[in-house]
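One structure is given here, and the rest of the page talks about it.
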Amino acid sequence: MQDNLTILKQCEAFLEGHFLLSSGRHSGGYCQCAKLLRFPALAEQVLSTVALQVKDLAVTKVCGPAMGGVIVSYELARQLGVESIFTERKDGEMQLRRGFTVGKGDKILIAEDVITTGKSTMETVKVLEDMGAEVIGAVCIADRRAGDCAFVLPVYAALKLTIDSYEPDDCPLCRAGTLALEKPGSREMPAIVKQREI
Ligand SMILES: [Zn+2]
């Protein structure tokens, strides 16, 4: 079986090169998990490695903050045989809407595509805990936390991804001069990746 990083590269969810980020910084890699979630069979395969890590936690629900967490939550909940719900932002505030309920006795995993600082994840934790539920961890495709991240929940990830970024005037890729700077998403891909048989 291929490892998760290979799969992410194959479906263009992880690109290597020389990228101009929206922050203005340059980086040697770019991650867009939605590119993986285009392929349900690949998403199933990658997230099965996360399901394996959490199968003994007696989870009752998985909750994915919209948009990034919704599909991850759905697929993981499907594999665990539990309920999938999502929180969403309304008037700038994270909320549980659409008649979804959680309460005492619920042991919930928060699902994200990527966890970087965990800040937005914690907004969802607060919503669920205020309703009496217990949040026992966070799951994600790519764990991009830096070493100094103070995120308090256990994180169960399909892969750990470290992508360094640089100020434009201090970029080793610019100095090397071998890779042209490009905006993520602007690259012309030579061929459509076909969904593989599993
Ligand atoms: Zn550069």
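Structure values in brief
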read-out	value
Whether region 1-105 is rounded, prolate or oblate, judged on the alpha carbon gyration tensor where a/c under 1.5 counts as rounded	oblate
Between 0 and 90°, nearest 10: helix 70-80 axis offset from the chain longest Cα axis	60 degrees
Degrees separating the helix 40-54 axis from the principal Cα axis of the chain, which is the longest one	60 degrees
Cα gyration tensor, the chain - rounded (a/c under 1.5), prolate or oblate	prolate
Cα-projected label distance for residue 180 with residue 134, points at 7 Å along beta-carbon direction, nm	5.6 nm
FRET efficiency for residue 123 and residue 2, using Cβ-Cβ distance with R0 set to 45 Å, rounded to 0.05	0.85
Cα pair distances exceeding 23 angstrom across region 54-145, given as percent	12 percent
Which of 106, 113 has the fewest Cβ neighbours within 10 Å, and the rest in rising order	106, 113
Relative packing of 67-76, 41-50, which averages over residues the other C-beta atoms within 10 Å, highest first	67-76, 41-50
Separation in nanometres of the label points that stand 7 Å from Cα toward Cβ, at residue 21 and residue 164	1.3 nm
Fraction of antiparallel bridges per DSSP, region 61-148 only, in percent to nearest 5	20 percent
All lysines inside 20 Å of residue 9 as judged from Cα atoms, apart from same-chain residues fewer than 8 positions distant	35, 160, 183, 194
Cysteines (scope the chain) whose Cβ has no counterpart Cys Cβ under 4.7 Å	11, 31, 33, 63, 140, 149
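The numbers here are math on the coordinates, done by the rules we state, and not lab data. The structure displayed is predicted, hence computed values, not measured ones. Note: ideal-geometry Cβ built from the backbone for every residue, glycine included; neighbour counts use all protein chains shown.
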